[in-house]
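Just below is one structure, and these are the notes that go with it.
The values are calculated or read from the model by the stated rules, or taken from the named source; none is laboratory data. Computed from a predicted structure; not experimentally measured. With ideal geometry, Cβ positions are generated from the backbone for all residues, glycine too; neighbour counts draw on all protein chains shown. In case anyone asks, the SASA skips ligands and DNA or RNA and just uses the protein heavy atoms, side chains included. Shrake-Rupley method; radii C 1.70, N 1.55, O 1.52, S 1.80 Å.
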Amino acid sequence: MSSTTTSPAISTAGNTTGNAATTPAEQTGARTDEAAALIGGARERIDTLDDRIIGLVQERMAVSAVIQETRITSGGRRVNLSRETAVLGHYRDALGKPGTALAMTLLELCRGRV
C-alpha cells in the first residue's frame with residue numbers, strides 16, 4: 001500500500017510543467033525570463049520538427065518495405081548493399097561523420113520489415 005501512496009507523489013514531483021514553484025527560467029536553465037521565453041519557443045519548434053522527422057522516418061520505412069517486398073518477390077535479395085553504401089555516403093557528405101551513424105540507424109529501421 002505504501003508504494004501506491006508514494007508513487008503519485010513521485011510522478012508529480014518529476015513533473016516540472018505542473019509545478020507552480022518552478023519558473024520558466026528554472027525549467028530551461030536560462031538566467032532571465034526573456035531568455036527562457038526564447039528557449040521555450042525554440043523547444044516547441046524542435047518538438048514540431050521532431051514530430052515531422054518521425055513521420056518522415058515512418059514514411060521511409062513504408063516505402064522501403066514496398067521495395068524489399070518487390071525485390072524479394074522478383075527473386076532478389078532483401079538488402080541491396082550498393083544502394084545502402086550510396087545512402088551512407090549521401091548522409092556522410094551532407095552531415096559529416098555523424099551523418100553516417102544517422103544513416104545506419106535509418107537503414108536498420110528500414111530493413112527486414114517484410
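If you project the alpha carbons of the stretch 19-103 onto the principal axes, what extent comes out on each, in Å, largest first?
If we take the Cα atoms of the stretch 19-103, the spans are 63, 26, 15 Å.
Within the stretch 94-112, name every residue whose backbone N is under 17 Å away from a label modeled 7 Å from Cα of R83 along the Cβ vector.
Hits in the stretch 94-112 for R83 at 17 Å: 103-112.
How far apart, in nm, are two points set 7 Å out from the Cα along the Cα-to-Cβ line at H90 and at Q27?
According to this spin-label approximation, the distance is 3.9 nm.
Over the stretch 32-114, average the accessible area per residue using a 1.4 Å probe and give it in Å², no decimals.
Solvent-accessible surface per residue comes out at 75 Å².
How large is Rg/Rh for the stretch 64-114, to two decimals, with Cα atoms and a Kirkwood Rh?
Values: Rg = 11.9 Å, Rh = 11.4 Å.
Checking Rg against Rh, the ratio lands at 1.04.
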